[in-house]
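So the structure is just underneath, and the comments pick up after that.
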Amino acid sequence: MNEKFTDRLNQILPRIKSQELITNSGLGNEIGFYIFDYPPEEELTLRNMLDSILNQLAKQRPDLKVAKVNLFELVIDILKSRNLLDRALKMQKEKGDEELRKALKGPLHEEKVAKAFVEKANPDQYDIILMTGVGTVWPLLRSHTLLNNLHPLMKGTPLIVFYPGYYDGQSLSLFGKLKDNNYYRAFRLVP
C-alpha cells in the first residue's frame, strides 16, 4: 500500500464526521454526492479500512446515523425478488457476460436500481449513505447513470461512493481503464 493511499484513507473518518459534509454546507446548491476513488488493487484494504472507520465512527459520533449499501448485494436481492437469479447465473455461464447484460437491461435499469437503492438506504432515516460494490456489479450497472438517477431521490442526504478507479472531478474511470466520457457532478471526498 502506497503512502499517498494510506494518507487518503486516514482522511476519510474526519471528513465523514465533519459538519460541513453532514449538512452539505459550502456546496453552492450542488447535491452532496462525494466520490472516494482508489486504486482497484486496494479493494480489500479499502473494505477492511471502511469497516474500521464505521466502528470508530460509531464510538466517536454515536449520534450520527450512517447506512452502507453494497450495490452487488442489492443487485442480487433484486434478482432474487424477481426469481431471476438462477436463470441469470445459468445464462452467464452458457452465453457470457454481454448476453447477460442485455437480458438484465430491463430488470436492472438504473432508474429501477436507484429506487431499490433508496428503499434499502432509507435516506430519511440516516445522516449519510455509503455506497460500495461499484466494481463488483460492473458491467451490469453503469455507476454514472445510477448516480444521476439517485440525484432527485436522496432528499439532501449526503452520498459517498467508494469507487475503484479514478475520478478527476468531472468524469469517472472504472478500474482506471474504462473511461466514462459523461460529465458527473460530484465532489472528491478527500484530495
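Just name the residue that is modelled with the lowest pLDDT out of those in region 28-51 that are touching a helix residue (DSSP H, G or I) at 6+ places or on another chain (Cβ under 8 Å) and in a loop (DSSP other than H, G, I, E, B). Looking at residues that are touching a helix residue (DSSP H, G or I) at 6+ places or on another chain (Cβ under 8 Å) and in a loop (DSSP other than H, G, I, E, B), I get ILE31. Filter region 79-129 for residues that are in contact with a Pro (Cβ under 7 Å, 6 or more places away or on another chain), hydrophobic (A, V, I, L, M, F, W, C) and part of a loop (DSSP other than H, G, I, E, B) and give the result. Hit for region 79-129 is LEU84, nothing else. Got at least one residue in region 134-146 being more than 30 Å from ASN24 (Cα to Cα) and modelled with pLDDT under 90? Checked against the condition, which is being more than 30 Å from ASN24 (Cα to Cα) and modelled with pLDDT under 90, region 134-146 yields at least one hit. PHE5 meets each of the listed conditions (1) in contact with a Ser or Thr (Cβ under 9 Å, 6 or more places away or on another chain); (2) assigned to a loop (DSSP other than H, G, I, E, B); (3) not hydroxyl-bearing (Ser, Thr, Tyr) apart from (2).
Of all residue pairs spaced 6 or more apart or on separate chains, those with beta-carbon atoms under 8 Å, a first member in region 1-21 that is over 23 Å from TYR126 (Cα atoms) and a second member that is part of a helix (DSSP H, G or I) and not hydrophobic (A, V, I, L, M, F, W, C) are MET1/GLU42; MET1/THR45; PHE5/GLU42; PHE5/THR45. Which members of region 99-134 meet the condition of being in contact (Cβ under 8 Å) with a residue 12 or more places away in the chain, surrounded by fewer than 19 Cβ atoms within 10 Å (Cβ to Cβ) and either farther than 18 Å from PHE33 by Cβ or among the aliphatic types (A, V, I, L, M) (or both)? Scanning region 99-134 gives ARG101, ALA103, PRO107, LYS112, ALA116, GLN125.
The values are calculated or read from the model by the stated rules, or taken from the named source; none is laboratory data. Quick caveat: nothing in here was measured; it's all calculated off a predicted structure. All Cβ positions, even for glycine, are placed from backbone atoms using ideal geometry, and neighbour counts span all protein chains on display.
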